[in-house]
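To start, the structure itself, in structure tokens.
The values are calculated or read from the model by the stated rules, or taken from the named source; none is laboratory data. If you're wondering where the values come from, they're calculated on a predicted model, not measured in any experiment. Surface accessibility is based on the protein's heavy atoms, side chains included, excluding ligands, DNA and RNA. Shrake-Rupley method; radii C 1.70, N 1.55, O 1.52, S 1.80 Å.
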Amino acid sequence: MVSITAAPRTSARSGTVLALGSMSCVQLGLALSVHLFGAVGPLGAAWLRLAWAAVILLAAVRPRPWRFRRSVLLATVCLGLATAGMTMLFMVAVARLPLGTASALEFLGPLGVAVARGGGGRRSLLWPGLAAAGVLLLTHPWQGSANPAGIACALGAAICWAAYIMLTQAVGDEVAGLQGLAVSITVAALVASVVSGPAVIGVLTPRLLVVGFGLAMLLPVVPFSLEMYALRRLTTSAFGTLMCLEPAFALVAGLALLGQVPRAWSLAGVALVIAAGLGAERHGARTVPGPAAMPATQPDDDRAPDAPDELLTPQT
């Protein structure tokens, strides 16, 4: 049996699989959200998903944030703010811009992380560069009208997405299992409740609540959980590049579920982002911080030392 300390580098391949699983859930969740958007609006749908996600994670994980170190708790709260901003700003952007334009602008976030954290060498820029070209071919943002408010919201979502990637890795390294995610999603749900909750509560029906519960599992509970674990295995540069595969997933979902036949440049874009994803997977493993370097909470004598969620990041 190989211990964590005997394996200083995690598997980039398993991290890639987790990231791909996350993107699949995101696209499926978005595809199934069409009717929910029509009933409660984009911000209402975001609030309903985040609220249900908070309930699910609080019940399943039962986090104890009062045991987090102050710096870790602050990072977790910031992650919740970034999650709320990323979710709601993108919905507003899509309401004002063509989806391709909004998507291309939002992907500046993970691409920026990939470039900034790639080490500065020419090779580190190759995969993000290929991904950027692929995203442009997939989304062709040069088509459609421009809306200043929509552009501002899409760029705001990009900034929040970049912060989400960095903070998810930082919190995931410090807090075992999904405790950090449960707290951050709760913060995001509270923010969304202040922004859009009051306008939606009055129109909720039992059917909408059930649908919202199912969509919350698809987005964000399952994908955000997978991303938390993926970022324990991948560098932020590799993860940011892999996220650019998401337009390819959207293209496949549109073909399979909506009958949208891709054009030639879209197929070329898929080829480029897949090549970038394969390159990121091959060179994107990261070193796991040693257990002594990342205590996240105060000592807890009641916690079982062999709990399943501590396999990756044991607490002290």
Worksheet entry | Kirkwood estimate for the stretch 40-120, i.e. one over the average of 1/r between Cα atoms, Å | 15.2 Å
Item to complete: Order HIS35, HIS140, most accessible first, counting only protein heavy atoms with a 1.4 angstrom probe.
Response: HIS35, HIS140
Worksheet item: Could you give the accessible area per residue of the stretch 40-79, probe 1.4 Å, as a whole number in Å²?
Response: 48 Å²
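When every alpha-carbon pair in the stretch 146-241 is counted, what percent end up more than 19 Å apart?
55 percent
May I ask you to compute the full-extension gain from ALA31 to ALA95, defined as 0.36 nm times their residue separation minus their alpha-carbon distance, rounded to one decimal in nm?
Answer, rounded to one decimal: 21.5 nm.
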Worksheet item: How far, in nm, would the chain grow between VAL261 and ILE201 when pulled straight, counting 0.36 nm per residue and subtracting the alpha carbon separation?
Response: 17.8 nm
